[in-house]
Structures are given as C-alpha cells and as structure tokens.
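Everything on this sheet refers to the single structure shown next.
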Amino acid sequence: MGKIKQNPFVKKVGFNRIVLCFVLILLYGFFCVMTQGKFAGMNRILSALNYAYFLGFLSLGVTFVIATGGIDFSIGPVMFCCALVSGFSLISYGVPMPLAMVISVIVGLAFGIFNGYLVAYWSVPSFITSMASMNIAKGLASVFTKTQSVSWPQSTAEGGWYRYLVKVGDIPVGLIIFLIVAVICAVILNKTKIGRYILSLGSNKEAVRLSGVNVKKWEMTAYIICGVLVGISALFYVSAYTTVQPGYGDQYNNEAIAGCVMGGTSMAGGLASISGTVIGVFIIALLQEGILALGFTKDYQLIITGIIVIVAVFSDVVSRRRKN
C-alpha cells in the first residue's frame with residue numbers, strides 16, 4: 001500500500017480521490033447488476049444528477065466552513081427558506097423570474113452573514129449558531145409563505161426557462177454549471193489568499209491571529225461563501241423538483257456533510273478537497289437513486305449516510321493520529 005501511495009501519479013491525483021472514483025464505479029456496476037441493467041438507463045442517470053446538483057452546492061459551501069474548523073447544520077433548512085421566500089415572491093407578488101433568483105441568493109447570503117458574524121465576532125460556537133439559524137430559517141419560511149407549499153413554474157409555463165439550469169432536453173446543463181463552480185471554488189480554496197487563510201484558521205487559529213491576520217474577517221468570509229452557495233443550491237433544487245414545502249431540509253445537512261467529509265475534508269479543519277467533495281456528492285446521489293431503484297425507502301439511505309459519516313470521521317481521526 002505504501003508503494004502505491006508513493007507512485008508519482010497517485011501522489012499527484014491523490015490516493016483518496018482514486019479510491020473514491022473506484023467506489024463510484026463499483027457502486028454503479030453493483031446497481032446495474034442488481035436491477036438487471038435498468039439502472040443504466042438515461043432516466044436514472046439524469047435523476048441521480050438532479051439530486052447531485054443541489055446537494056453538490058450545499059457540500060461545496062459547507063466545505064469552506066468545515067475547513068475553518070466550524071460546522072453548519074442549517075444549510076438544508078436555509079436552502080428551503082431561500083426557495084420558499086423567492087418562490088412565494090414570484091408566485092404571489094409577481095416578482096420577475098430573474099429577480100426571484102437573485103432573492104434566493106440574497107437570502108442565502110443573509111444567513112451566511114448572520115452565521116459568520118456570530119461565530120467570528122461574537123465567538124458563538126458554530127454548532128449553536130447553525131442550530132439557531134436552522135430554526136430561524138424554518139420559521140421565517142413558514143411565516144412568509146403562511147405555511148403553504150410553493151410550486152415554481154413548470155418548464156412550459158411563463159418563466160419556466162429557469163429549469164434549463166438543470167437540463168435542456170437530455171443535455172445535463174446542470175452538470176456543466178456545477179463543475180465550473182466547483183473549479184472556481186477549488187481555485188479560491190487552493191490558489192488565493194482567501195483559501196490560504198481559511199485553511200490556516202482550521203490548522204491553528206491562534207497562531208494565525210498572533211501573526212497579525214484578521215482572523216474574524218476570513219472566518220466570516222467562509223460562512224458568506226457558504227451562504228451564497230446555499231442560495232444557488234435552492235435554485236437547482238426547484239429546477240429539478242419545482243415544489244417546496246416549509247419545515248423541511250434537515251435531511252440534506254448530513255448528506256452534504258457526508259459528501260464533504262468523505263471527499264477528504266477534515267472535521268477538525270485545516271484540510272479540504274473540493275475535487276474530493278465533488279466525487280463524494282456523486283457517490284451520495286448514486287446511493288440515493290440506487291436504493292430507490294432496488295425498491296427500498298429513503299430511510300435506508302439515511303442509515304447508510306450516517307454510517308458513511310462515522311467511517312469518514314473515524315478515518316480522519318486515525319490519519320491525524322498517525323501524522324502526529
């Protein structure tokens with residue numbers, strides 16, 4: 001195993017990423033065999049991708065937060081809040097579609113600023129802050145929509161062009177957009193001052209502060225980036241499923257975090273991989289679609305996702321102990 005890890009190609013690509021790609025291929029093959037080839041159809045693939053898009057943006061956002069050593073359990077409910085507030089404004093108040101899409105991002109940004117300010121400037125633990133934001137997001141969405149579900153326009157209706165975010169015909173446009181955003185996030189995290197300071201905060205926040213860096217500013221920036229990506233994820237959710245109900249979204253927190261941690265982002269902070277997060281998200285989406293294809297309920301996916309989180313965190317703890 002040691003020789004394999006020292007291989008130049010493996011070192012450049014990353015052993016963890018190669019293993020994840022191998023797992024992704026094995027899972028796809030397993031579901032194809034178990035469903036007698038039915039899983040290989042384009043409809044199943046597109047359905048899995050629809051799930052991967054919004055979950056992917058959530059995972060990309062929380063990657064920045066976890067890289068600082070924090071956590072955000074509000075991303076799922078905030079995504080629903082973004083979709084409900086912007087959708088209700090569109091349907092009930094006649095807001096133009098482009099403005100409704102902007103509102104979704106602004107709501108996500110507002111929660112990002114709120115979370116980041118409390119964590120960075122008031123030293124409120126991120127766990128507490130995100131739990132509070134989760135409840136605020138649910139309550140705000142219910143109050144704003146009067147506890148009604150919101151259905152965004154179908155593709156054939158006026159303003160239905162927003163659904164082209166996900167696909168045009170059988171062309172997965174959403175995949176292209178998602179990968180472009182992932183590349184941008186990777187550049188920010190690995191090639192810019194923003195990413196360098198965010199990762200440094202997760203490694204040793206006190207040492208960064210003593211070196212004269214404004215740690216509050218950069219810690220808050222991570223939450224702001226997360227909030228914007230959550231607002232975008234809401235647009236991809238409604239583009240795929242159109243209808244949103246108040247009070248939901250919790251189930252996507254663990255899935256987004258699982259994709260992030262599985263991809264190599266350390267829960268202790270200081271280490272993050274955008275490419276790993278992308279592969280992890282595809283694995284979660286494939287599991288979700290595969291479990292449904294086998295005739296099981298979504299409850300089984302929740303069990304598997306929980307196990308994945310435990311295994312990923314345990315692996316991270318063991319790896320850090322070995323390095324130390």
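Taken together, the values in this text are just the output of simple stated rules run on the coordinates, not laboratory data. For clarity, every value in this text was computed on a predicted model and none was experimentally measured. Note that each Cβ is placed from the backbone with ideal geometry, even for glycine, and that neighbours are counted across all protein chains shown.
Expressed as a fraction of 2.2 N^0.38 Å, the value expected for a compact globular protein of N residues, the C-alpha radius of gyration of the chain is 0.99.
Need one number: the % of Cα-Cα pairs in the range 128-272 sitting beyond the 22 Å mark. Tail of P(r) above 22 Å: 53 percent of Cα pairs. Among Ser123, Thr145, Ile45, which residue has its Cα furthest toward the positive end of the charge dipole of the chain, with +1 on Lys/Arg Cβ and -1 on Asp/Glu Cβ? Value: Ser123. A Förster distance of 22 Å, applied to the separation of the beta-carbon atoms of Asn204 and Phe15, puts the FRET efficiency at 0.30. For Val65, what is the net charge nearby, where nearby means another residue's Cβ is under 10 Å from its Cβ and Lys, Arg count +1, Asp, Glu -1? Overall, the nearby charge balance is -2.
What is the local net charge at Arg44, summed over the other residues whose Cβ is closer than 15 Å to its Cβ (Lys, Arg +1; Asp, Glu -1)? Combined, the nearby Lys, Arg, Asp and Glu give 0. Any chance you could count the Lys pairs in the range 45-308 whose alpha carbons are under 28 Å apart, treating pairs 8 or more apart or on different chains as valid? Final tally of qualifying lysine pairs is 13.
Remark: relative contact order (the range 108-207) = 9 percent; criterion is Cα-Cα distance under 8 angstrom and separation of 6 or more residues. Simple point charges give the picture: +1 on the Cβ of Lys and Arg, -1 on the Cβ of Asp and Glu, and for the range 242-324 a dipole about the Cα centre of about 460 debye.
Its Cα gyration tensor gives the range 39-142 an equivalent ellipsoid, and the semi-axes of that ellipsoid, as √(5λ) in whole Å with the largest first, are 26, 21, 11. With K and R counted +1 and D and E -1, the other residues having a Cβ less than 14 Å from that of Gln251 yield a net charge of -1.
Across the chain, Cα pairs under 8 Å and at least six residues apart give a relative contact order of 33 percent. Taking label positions 7 Å along the Cα-Cβ direction at both Tyr164 and Ile106, the computed distance is 2.5 nm, reported to one decimal. Screening the chain for DSSP H helices whose Cα atoms reach 15 Å or more along their own axis and whose mean Kyte hydropathy is at least 1.6 gives 15-34, 75-93, 97-121, 173-191, 274-293.
Considering only Tyr237, Thr277, Ser211, and ranking their Cα positions along the charge dipole of the range 207-316 that arises from unit charges at the beta-carbon of Lys, Arg, Asp and Glu, the one farthest toward the positive end is Ser211.
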